[in-house]
Amino acid sequence: MSDASPFPKAPWPRPLPLPLTGHFVTLTPLDADADAAELFAISHRDEETKLLWRYLASGPFPDASAHAAYLREWTARPDVLAFTVRSTATREALGNISLMAIRPEHGVAELGNIWYAPHARRTKANTEASYLLLRHCFAELGYRRMEWKCNTDNEPSARAARRLGFTYEGTFRQHMVVKGRSRDTAWFAMLDHEWPRFAAAMEHWLYTDDTRSLASLRENT
(Lines give C-alpha, C1' and ligand atoms only; values in the text may rest on other atoms or scores of the structure.)
Protein backbone atom coordinates (compact mmCIF):
# COMPACT_ATOMS: atom_id res chain seq x y z
CA MET A 1 0.00 0.00 0.00
CA SER A 2 1.39 3.42 -0.96
CA ASP A 3 1.50 6.15 1.67
CA ALA A 4 2.11 9.79 0.75
CA SER A 5 3.19 10.74 4.26
CA PRO A 6 6.94 11.33 4.72
CA PHE A 7 9.15 8.92 6.62
CA PRO A 8 11.02 10.78 9.37
CA LYS A 9 13.48 7.88 9.75
CA ALA A 10 14.83 7.97 6.19
CA PRO A 11 17.55 7.16 5.43
CA TRP A 12 17.74 4.05 7.57
CA PRO A 13 21.05 2.93 9.11
CA ARG A 14 23.37 0.88 6.95
CA PRO A 15 24.10 -2.61 8.36
CA LEU A 16 27.57 -2.76 9.87
CA PRO A 17 30.13 -5.57 9.49
CA LEU A 18 29.74 -6.92 13.02
CA PRO A 19 29.31 -10.54 14.20
CA LEU A 20 25.79 -11.79 14.88
CA THR A 21 25.72 -14.66 17.37
CA GLY A 22 22.98 -17.24 17.77
CA HIS A 23 22.65 -20.53 19.61
CA PHE A 24 23.57 -22.65 16.59
CA VAL A 25 25.49 -20.30 14.31
CA THR A 26 27.54 -17.14 14.41
CA LEU A 27 27.66 -14.88 11.38
CA THR A 28 31.10 -13.32 11.01
CA PRO A 29 31.85 -10.63 8.41
CA LEU A 30 33.38 -12.44 5.47
CA ASP A 31 37.15 -12.02 5.20
CA ALA A 32 38.11 -13.21 1.73
CA ASP A 33 41.75 -13.86 2.51
CA ALA A 34 41.15 -15.56 5.86
CA ASP A 35 38.03 -17.55 4.94
CA ALA A 36 38.53 -18.59 1.32
CA ALA A 37 40.50 -21.80 1.87
CA GLU A 38 37.98 -23.21 4.33
CA LEU A 39 34.99 -22.12 2.26
CA PHE A 40 36.51 -23.61 -0.87
CA ALA A 41 37.16 -26.91 0.90
CA ILE A 42 33.59 -27.36 2.15
CA SER A 43 31.98 -26.27 -1.14
CA HIS A 44 34.21 -28.19 -3.59
CA ARG A 45 34.67 -31.50 -1.78
CA ASP A 46 33.39 -33.58 -4.70
CA GLU A 47 31.30 -33.22 -7.84
CA GLU A 48 28.05 -33.64 -5.94
CA THR A 49 28.99 -30.91 -3.47
CA LYS A 50 29.84 -28.54 -6.33
CA LEU A 51 26.19 -28.69 -7.41
CA LEU A 52 25.44 -26.12 -4.69
CA TRP A 53 26.81 -23.50 -7.14
CA ARG A 54 24.30 -24.42 -9.85
CA TYR A 55 21.93 -21.49 -9.32
CA LEU A 56 24.44 -18.97 -7.93
CA ALA A 57 25.88 -16.23 -10.14
CA SER A 58 29.46 -17.50 -9.78
CA GLY A 59 31.29 -20.76 -9.04
CA PRO A 60 32.32 -23.45 -8.83
CA PHE A 61 35.95 -22.35 -8.86
CA PRO A 62 39.10 -24.12 -10.07
CA ASP A 63 41.00 -23.51 -6.83
CA ALA A 64 40.96 -21.62 -3.54
CA SER A 65 42.80 -18.65 -5.07
CA ALA A 66 40.07 -18.16 -7.65
CA HIS A 67 37.45 -18.48 -4.93
CA ALA A 68 39.28 -15.85 -2.86
CA ALA A 69 39.43 -13.48 -5.84
CA TYR A 70 35.67 -13.79 -6.28
CA LEU A 71 35.06 -13.21 -2.57
CA ARG A 72 37.21 -10.07 -2.62
CA GLU A 73 35.20 -8.75 -5.54
CA TRP A 74 31.90 -9.66 -3.88
CA THR A 75 32.70 -8.10 -0.51
CA ALA A 76 33.95 -4.90 -2.20
CA ARG A 77 30.50 -4.14 -3.60
CA PRO A 78 28.97 -1.13 -1.82
CA ASP A 79 25.51 -2.69 -1.61
CA VAL A 80 26.70 -6.01 -0.14
CA LEU A 81 27.49 -7.14 3.40
CA ALA A 82 28.64 -10.76 3.30
CA PHE A 83 28.99 -13.20 6.18
CA THR A 84 30.61 -16.55 6.77
CA VAL A 85 28.20 -18.80 8.66
CA ARG A 86 30.07 -20.62 11.43
CA SER A 87 29.04 -23.14 14.03
CA THR A 88 28.78 -21.33 17.35
CA ALA A 89 30.00 -24.47 19.13
CA THR A 90 32.97 -25.44 16.93
CA ARG A 91 33.65 -22.29 14.85
CA GLU A 92 33.82 -24.42 11.69
CA ALA A 93 32.58 -22.75 8.51
CA LEU A 94 29.19 -23.98 7.31
CA GLY A 95 28.52 -21.64 4.38
CA ASN A 96 27.87 -18.09 3.27
CA ILE A 97 24.96 -15.65 3.47
CA SER A 98 24.78 -12.01 2.40
CA LEU A 99 22.76 -8.88 2.78
CA MET A 100 22.69 -7.49 -0.75
CA ALA A 101 20.89 -4.81 -2.73
CA ILE A 102 21.08 -2.78 0.49
CA ARG A 103 19.13 0.46 0.04
CA PRO A 104 19.22 2.48 3.26
CA GLU A 105 17.34 5.32 1.58
CA HIS A 106 14.32 3.01 1.33
CA GLY A 107 14.87 0.75 4.34
CA VAL A 108 15.17 -2.29 2.07
CA ALA A 109 17.69 -5.12 1.72
CA GLU A 110 17.83 -8.62 0.26
CA LEU A 111 18.90 -11.94 1.76
CA GLY A 112 20.89 -13.72 -0.89
CA ASN A 113 23.98 -15.47 -2.22
CA ILE A 114 23.24 -18.22 0.30
CA TRP A 115 24.85 -21.62 0.29
CA TYR A 116 25.62 -24.29 2.88
CA ALA A 117 27.89 -27.31 2.98
CA PRO A 118 25.90 -30.54 2.59
CA HIS A 119 26.13 -31.48 6.28
CA ALA A 120 24.59 -28.13 7.33
CA ARG A 121 21.53 -28.31 5.10
CA ARG A 122 18.15 -29.11 6.58
CA THR A 123 19.42 -28.19 10.03
CA LYS A 124 18.57 -25.36 12.38
CA ALA A 125 21.80 -23.67 11.30
CA ASN A 126 20.48 -22.25 8.05
CA THR A 127 17.16 -21.17 9.57
CA GLU A 128 18.94 -19.37 12.40
CA ALA A 129 21.32 -17.61 10.00
CA SER A 130 18.38 -16.12 8.10
CA TYR A 131 16.61 -15.30 11.37
CA LEU A 132 19.65 -13.42 12.70
CA LEU A 133 19.86 -11.20 9.62
CA LEU A 134 16.12 -10.61 9.46
CA ARG A 135 16.07 -9.70 13.15
CA HIS A 136 19.02 -7.35 12.69
CA CYS A 137 17.39 -5.53 9.80
CA PHE A 138 13.82 -5.39 11.08
CA ALA A 139 14.20 -5.16 14.86
CA GLU A 140 17.53 -3.34 15.20
CA LEU A 141 17.72 -1.16 12.08
CA GLY A 142 13.99 -0.64 11.54
CA TYR A 143 14.01 -1.70 7.89
CA ARG A 144 10.66 -1.79 6.12
CA ARG A 145 11.14 -4.62 3.63
CA MET A 146 13.38 -7.64 3.16
CA GLU A 147 13.60 -9.40 -0.18
CA TRP A 148 14.49 -12.87 -1.44
CA LYS A 149 15.04 -13.59 -5.13
CA CYS A 150 15.84 -16.84 -6.90
CA ASN A 151 15.92 -18.56 -10.25
CA THR A 152 12.46 -19.95 -10.95
CA ASP A 153 14.10 -23.33 -11.54
CA ASN A 154 15.54 -23.27 -8.01
CA GLU A 155 12.60 -24.79 -6.19
CA PRO A 156 14.55 -25.48 -2.95
CA SER A 157 15.27 -21.74 -2.63
CA ALA A 158 11.64 -20.85 -3.31
CA ARG A 159 10.51 -23.36 -0.68
CA ALA A 160 12.98 -21.90 1.81
CA ALA A 161 11.61 -18.40 1.22
CA ARG A 162 8.02 -19.49 1.74
CA ARG A 163 8.95 -21.55 4.78
CA LEU A 164 10.46 -18.49 6.48
CA GLY A 165 7.35 -16.44 5.72
CA PHE A 166 8.32 -14.52 2.59
CA THR A 167 5.43 -13.79 0.22
CA TYR A 168 5.76 -14.53 -3.49
CA GLU A 169 5.25 -11.27 -5.40
CA GLY A 170 5.79 -12.30 -9.01
CA THR A 171 8.27 -13.39 -11.66
CA PHE A 172 10.57 -11.19 -13.71
CA ARG A 173 10.76 -13.04 -17.01
CA GLN A 174 14.11 -13.09 -18.86
CA HIS A 175 15.47 -11.05 -15.98
CA MET A 176 19.16 -12.00 -16.28
CA VAL A 177 21.68 -14.04 -18.19
CA VAL A 178 23.55 -16.19 -15.65
CA LYS A 179 26.35 -18.52 -16.71
CA GLY A 180 25.21 -18.21 -20.30
CA ARG A 181 21.58 -19.13 -19.58
CA SER A 182 18.48 -16.96 -19.49
CA ARG A 183 17.07 -16.68 -15.98
CA ASP A 184 13.53 -15.92 -14.88
CA THR A 185 13.61 -14.56 -11.33
CA ALA A 186 10.98 -15.19 -8.64
CA TRP A 187 10.62 -12.32 -6.18
CA PHE A 188 9.62 -12.77 -2.54
CA ALA A 189 9.36 -10.21 0.25
CA MET A 190 8.67 -9.85 3.96
CA LEU A 191 7.44 -6.56 5.46
CA ASP A 192 8.12 -4.95 8.82
CA HIS A 193 4.58 -5.35 10.15
CA GLU A 194 4.75 -9.09 9.39
CA TRP A 195 8.04 -9.62 11.19
CA PRO A 196 6.84 -9.89 14.84
CA ARG A 197 4.58 -12.86 14.05
CA PHE A 198 7.15 -14.56 11.85
CA ALA A 199 9.90 -13.93 14.40
CA ALA A 200 7.84 -15.54 17.16
CA ALA A 201 7.30 -18.64 15.00
CA MET A 202 11.00 -18.88 14.11
CA GLU A 203 12.10 -18.48 17.72
CA HIS A 204 9.66 -21.15 18.87
CA TRP A 205 10.82 -23.55 16.13
CA LEU A 206 14.50 -22.87 16.76
CA TYR A 207 14.63 -22.84 20.53
CA THR A 208 11.99 -25.31 21.74
CA ASP A 209 11.35 -29.00 21.15
CA ASP A 210 8.08 -28.35 19.30
CA THR A 211 8.11 -30.45 16.13
CA ARG A 212 5.43 -28.51 14.24
CA SER A 213 6.43 -26.83 10.98
CA LEU A 214 7.19 -23.13 10.76
CA ALA A 215 4.04 -22.62 8.67
CA SER A 216 1.80 -24.21 11.30
CA LEU A 217 3.51 -22.23 14.05
CA ARG A 218 2.89 -18.95 12.17
CA GLU A 219 -0.78 -19.81 11.85
CA ASN A 220 -1.04 -20.25 15.62
CA THR A 221 1.00 -17.21 16.65
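The values are calculated or read from the model by the stated rules, or taken from the named source; none is laboratory data. Remember, predicted model here, so these are calculated numbers, not experimental data. Note: ideal-geometry Cβ built from the backbone for every residue, glycine included; neighbour counts use all protein chains shown.
A count restricted to segment 164-199 and to residues that are assigned to a helix (DSSP H, G or I) and surrounded by fewer than 16 Cβ atoms within 10 Å (Cβ to Cβ) stands at 4. Selection of segment 5-37 for residues being of a type in the set (Ser, Thr, Tyr) and under 17 Å from Ala125 (Cα atoms) yields Thr21, Thr26, Thr28. If you check Val85 against the conditions, is it surrounded by 22 or more Cβ atoms within 10 Å (Cβ to Cβ), among the β-branched types (Val, Ile, Thr) and either touching a Gly at 6+ places or on another chain (Cβ under 9 Å) or over 14 Å from Ala36 (Cβ atoms) (or both)? So Val85 fits the description; yes.
Scanning segment 22-37 for residues that are surrounded by 14 or more Cβ atoms within 10 Å (Cβ to Cβ) and in contact (Cβ under 8 Å) with a residue 40 or more places away in the chain yields Gly22, Phe24, Val25, Thr26, Leu27, Thr28, Pro29, Leu30, Asp31, Ala32, Asp35. Would you say Met202 is in contact with a helix residue (DSSP H, G or I) (Cβ under 8 Å, 6 or more places away or on another chain), in a helix (DSSP H, G or I) and at pLDDT 95 or above? It is true that Met202 is in contact with a helix residue (DSSP H, G or I) (Cβ under 8 Å, 6 or more places away or on another chain), in a helix (DSSP H, G or I) and at pLDDT 95 or above. Of all residues in segment 69-87, those that are touching a residue at least 60 places away in the same chain (Cβ under 8 Å) have Cβ atoms under 7 Å from Cβ atoms of residues that are in a helix (DSSP H, G or I), 6 or more apart or on another chain, in Val85/Ala125; Val85/Ala129.
Scanning segment 38-68 for residues that are surrounded by 14 or more Cβ atoms within 10 Å (Cβ to Cβ), in contact (Cβ under 8 Å) with a residue 12 or more places away in the chain and farther than 21 Å from Arg121 by Cβ gives Ala64, Ala68. Scanning segment 103-153 for residues that are among the β-branched types (Val, Ile, Thr) and in contact with a strand residue (DSSP E or B) (Cβ under 9 Å, 6 or more places away or on another chain), we see that the one that is modelled with the lowest pLDDT is Thr123. Ser98 meets the conditions (1) of a type outside the set (Asp, Glu); (2) closer than 22 Å to Glu48 by Cα; (3) assigned to a strand (DSSP E or B) in every case but one. The failed one is (2).
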